[in-house]
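The values are calculated or read from the model by the stated rules, or taken from the named source; none is laboratory data. Because the structure is a prediction, the values reported are computed rather than measured. All Cβ positions, even for glycine, are placed from backbone atoms using ideal geometry, and neighbour counts span all protein chains on display. Each accessible area value is taken on the protein alone, full model and side chains, heavy atoms only, with ligands, DNA and RNA left out. Shrake-Rupley method; radii C 1.70, N 1.55, O 1.52, S 1.80 Å.
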Amino acid sequence: MRRTVAGLLTSATGLALLSGCALPDQRQNTTGQGGGSSASAQPSVAPKAPVPSGKALGLDAHVPVQRDVDGDDATAVSQAWAELAYGYDTKYDASPHDAVLRATRWCTKRRAAVERSYRAASGPGDDWNVWARHRAWTTVTVSVELEDDAPRDGKKVAYRNLVVEGEAQGRDGWTGRGPRLNAYLKLVRSAAGQAWRVDDVNVVEAVDPPSPESPSASATGTSTDSSAQ
């Protein structure tokens, strides 16, 4: 059955989401009885500790360059966001969220504030631990998946379905799988002719074979990525 990207943004919230995927309100699972989710919802447990910040980037940091793109092009803005949000350098980044914060330049003020106030529910995950062991960085290829019945861009709202495929490169020569996921983005702007900005993100991780070093590989034969984002 075909679905629009707008529909996918709604339905994706019921699927597996990456823990560091630039989706703090969904990761916090603050959905109330009304069906909505909000980062400002009252927590049901003690407040979580702030996310540790990574180190200041050094000259040998391998993170994407914050390039300029045509703000009137929703696809270009979406891809620029994803390149930053999933471009990690574990020598400097404490978690995937450091990359997510670098990507907030392409977000609305509301979305950027949500990301800055995010509190992690758990550690960065097994994949991140493998990358960090090799002091690896990730590079991603971002493509747009077209939906046959996707809605046309409106004057103030647009949707994009991105496919992110990443590779990891260790400073010790190791190579492995990087982030692999689908990101469903909602972009908004104040008026026609103004720059598009990312306002909502839902992420569904790809189901790939586990890394040979993943602790879960020998036990279950499957592995779950960590995020963003």
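Taking each residue of the stretch 143-157 that is closer than 27 Å to ALA191 by Cβ and looking for partners that are surrounded by fewer than 13 Cβ atoms within 10 Å (Cβ to Cβ) with beta-carbon atoms closer than 9 Å, six or more apart or interchain, yields GLU147/ARG2; ASP149/ARG2; LYS155/ALA191; LYS155/ALA192; LYS156/SER190; LYS156/ALA191; LYS156/ALA192.
Just for the stretch 189-199: of the residues that are among the small types (Gly, Ala, Ser) and open to solvent by less than 50 Å² (accessible area, probe 1.4 Å), which one is farthest from the chain's Cα centre (by Cα)? By that ranking, first place goes to ALA191.
Restricting the search to the stretch 112-155, which residues are touching a Leu at 6+ places or on another chain (Cβ under 8 Å) and either among the basic types (Lys, Arg) or open to solvent by less than 60 Å² (accessible area, probe 1.4 Å) (or both)? Listed by number, the residues that qualify are GLU115, ARG116, VAL142, SER143, VAL144, GLU147.
May I ask you to list the residues in the stretch 76-99 that are open to solvent by less than 40 Å² (accessible area, probe 1.4 Å) and over 21 Å from ARG135 (Cβ atoms)? Within the stretch 76-99, ALA76, VAL77, SER78, ALA80, TRP81, ALA82 qualify.
Considering only the stretch 61-75, state which residues are open to solvent by 10 Å² or more (accessible area, probe 1.4 Å) and aliphatic (A, V, I, L, M). Result: ALA61, VAL63, VAL65, VAL69.
Mind telling me which of the residues LYS109, LYS55 ends up being at pLDDT below 95 and open to solvent by 20 Å² or more (accessible area, probe 1.4 Å)? Of the residues listed, the single one that is at pLDDT below 95 and open to solvent by 20 Å² or more (accessible area, probe 1.4 Å) is LYS55.
Counting only helices (runs of 4 or more DSSP H) wholly contained in the stretch 70-188, the ones carrying 2 or more residues that are over 15 Å from the mean Cα position of the chain (by Cα) occupy 74-85, 109-116, 126-133.
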